[in-house]
1. Between [x] 181; [y] 102; [z] 143, which matches volume of the Cα convex hull per residue in Å³ calculated for the structure shown?
2. What is the Cα centroid distance between segment 88-104 and segment 11-63, reported in whole angstrom?
3. By how many degrees, between 0 and 90 and to the nearest 10, does the Cα long axis of helix 104-118 differ from the longest principal axis of the chain?
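Throughout, read-outs are computed from the coordinates displayed, never taken from laboratory work. Predicted model, so just to flag it, every value in this text is computed and none were measured.
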Amino acid sequence: MPILALILAMPALAQTVEDGSDAAIGPANTQRVLALIRQDLHSPDAKVTVLRRSGASHVCGSVNVKNRDGLYTGERGFLVDLAAGTFGRVPDGPELLDPRSPGFAEKEAIRQNYFRLCLDE
């Protein structure tokens with residue numbers, strides 16, 4: 001079997017918006033969000049859900065990615081700033097245990113911004 005045929009026969013790995021919520025933010029913004037997720041998480045098969053706008057330039061949502069064993073790890077919230085071109089996934093509990101750990105301040109800022117911009121009061 002030629003190599004091209006083998007490649008075409010393989011299942012395609014692609015980030016997907018699982019629940020149709022991409023309609024709420026439009027195709028251009030959806031592609032931007034997916035590109036930022038791919039760039040930051042290096043996960044070609046991320047599952048994205050509950051996309052929604054927050055203010056003029058922010059998009060909130062949830063993302064589920066695979067771990068090293070190929071298993072999905074569970075949904076975690078994220079925040080994208082379209083104007084700045086940044087993506088931040090809400091840190092998990094263990095990531096916030098030690099305030100002296102590298103990147104702690106950035107992770108805490110993502111968490112606070114997600115709670116401020118993405119959760120209903």
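1. From the options [x] 181; [y] 102; [z] 143, the structure gives [z].
2. Going from one Cα centre to the other spans 23 Å.
3. On a 0 to 90 degree scale, this one is about 90.
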